[in-house]
1. Which angle between 0 and 90 degrees, to the nearest 10, do you get for helix 379-395 versus the longest principal axis of the chain when only C-alpha atoms count?
2. Per DSSP H run of n ≥ 4, the term is -39500 (n - 2.57); total these for the chain, divide by its residue number, and report the mean residue ellipticity at 222 nm rounded to 500 deg cm²/dmol.
3. Less than 13 Å Cβ to Cβ from residue 300, Lys/Arg counted +1 and Asp/Glu -1: what total charge do the surrounding residues give?
4. I want to check the label-to-label distance for residue 394 and residue 87. Put each point 7 Å from Cα in the C-beta direction and report it in nm to one decimal.
5. I want the local charge near residue 112. Using Cβ-Cβ distances under 12 Å, sum +1 for each Lys or Arg and -1 for each Asp or Glu among the other residues.
6. Below 11 angstrom from the Cβ of residue 351, what's the summed charge of the other residues (Lys, Arg +1; Asp, Glu -1)?
7. Enumerate the residues in region 141-184 having an amide nitrogen under 18 Å from the point lying 7 Å beyond the Cα of residue 122 toward its Cβ.
8. If R0 is 56 Å, what FRET efficiency do you get for residue 378 and residue 267 from their C-beta distance, rounded to 0.05?
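Please treat every number below as a calculation from the coordinates, not as lab data. Just so it is clear, the structure is predicted and the values come from calculations on it, not from any experiment. Neighbour counts run over all protein chains shown; Cβ positions are idealised from the backbone, glycine included.
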Amino acid sequence: MGYNQKMFGLGSKRSIIREIFEYSKTRAAEIGAENVYDFSLGNPSVPAPKEVNETIANLLETENSVLLHGYTSAQGDAGVRKVIADRINDKFGVGISPNLIYMTCGAAASLSICLKAVIEENSADECIVFAPFFTEYRVFIENAGGKIVVSKPMEKTFQIDIADFENKINENTKAVIVNSPNNPSGVVYSEETVKALCEVLRRKSEEYGKVIYLIADEPYRELVYSGVDVPYLMNYYDNTLVCYSYSKSLSLPGERIGYIAVCPKMEECVNIYLTVCGAGRSLGYVCAPSLFQQVIARCIDAKVNVEAYKENRDLLYDNLTAYGYECVKPDGAFYLFVKALEDDAYAFFEKAKAHEILVVPCDDFGVEGYVRIAYCTDKSRVEGALPAFKALAEEYK
Ligand code: PLP
């Protein structure tokens with residue numbers, strides 16, 4: 001077989017989420033979409049802010065078409081990067097320069113680039129992730145040549161278990177990925193957790209005489225409820241790379257736009273930035289979509305209607321816990337991480353499916369016995385699903 005078997009494996013085996021999503025479409029054709037309670041996919045359900053669409057229309061009408069659709073610099077348009085750097089500085093006071101911002105096709109590209117930048121080829125480099133974690137981390141880390149190491153969470157709260165994290169660090173640890181608000185738990189890591197994590201990172205970097213990079217995966221930063229604060233990791237640890245995306249914050253997942261920000265306090269930050277540029281080049285991630293770079297620069301303060309997600313969260317959390325389900329109350333993102341009503345999350349998934357409820361078993365996210373409910377959906381679907389969730393709980397009594 002004259003082709004890459006590992007890539008064949010990745011391409012031919014659909015992720016469980018995609019598998020469920022495909023089933024949902026087939027089932028909807030059979031019994032009507034309104035009767036299928038599909039909570040599988042993290043596709044934003046609230047529309048992009050009005051000003052985003054107006055800005056697109058306006059740009060198309062008023063700007064020079066050749067320039068608007070043309071290549072920008074590999075790292076992104078200088079003016080766009082300045083707007084982003086200025087806003088980061090206004091909000092978090094980190095003093096970042098536009099020359100430490102690299103525009104990307106969303107968080108997936110940002111992560112792939114950062115991992116490629118810090119993990120060395122043919123090395124024993126390891127990258128620690130915190131369970132439960134976004135399953136694609138495994139793909140991105142292994143593709144960069146690294147080994148994924150999973151640190152378990154605290155029971156019930158799903159905050160980081162600092163002692164377990166410390167035990168997982170060794171002389172091969174090169175990077176750590178932190179995702180808060182978290183997919184799939186919805187948990188926001190507290191400032192206390194973040195401080196303890198960064199303290200361990202500093203101590204271990206010193207002990208092993210090497211830099212351990214902190215990669216902050218932040219597509220859900222803006223999706224938080226009840227004014228919860230999401231600590232900005234650059235303010236707690238110098239060797240931080242932030243992977244940001246507008247997929248969820250502006251409901252633009254199909255447009256593929258985001259950026260990497262390199263902390264200005266990082267040792268050799270300019271060289272690391274150049275390494276990011278090199279990694280972007282080697283992966284073919286140069287010149288993020290030009291039109292959307294311009295849209296971002298003009299809509300930097302736009303916001304989606306987070307209240308709609310909060311209503312779904314409250315409806316689901318309040319009712320499911322009343323029916324006897326166990327879950328942590330999420331402070332952000334649009335996922336509820338629910339303990340299956342039996343040990344085997346797949347068996348539970350099948351039973352839920354019989355009630356036309358589609359949730360995602362989370363074994364691949366690094367925690368067994370849980371399912372994820374993506375509540376980025378119409379409120380009517382959440383309301384419609386409640387009796388089915390109740391009937392499912394009763395089946396276990
Ligand atoms: N990181 C996490 C935790 C995610 O949940 C996702 C998408 O769902 C991504 C990264 C990728 O996001 P993007 O669409 O910006 O590539």
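1. The angle comes out near 50 degrees.
2. Rounded to the nearest 500, it is -13500 deg cm²/dmol.
3. +1
4. Once both label points are built, they end up 4.8 nm from each other.
5. Net of charged neighbours comes to -2.
6. Cβ neighbours under 11 Å give a net charge of -3.
7. Inside the label zone: 143-147.
8. My answer for the efficiency is 0.70.
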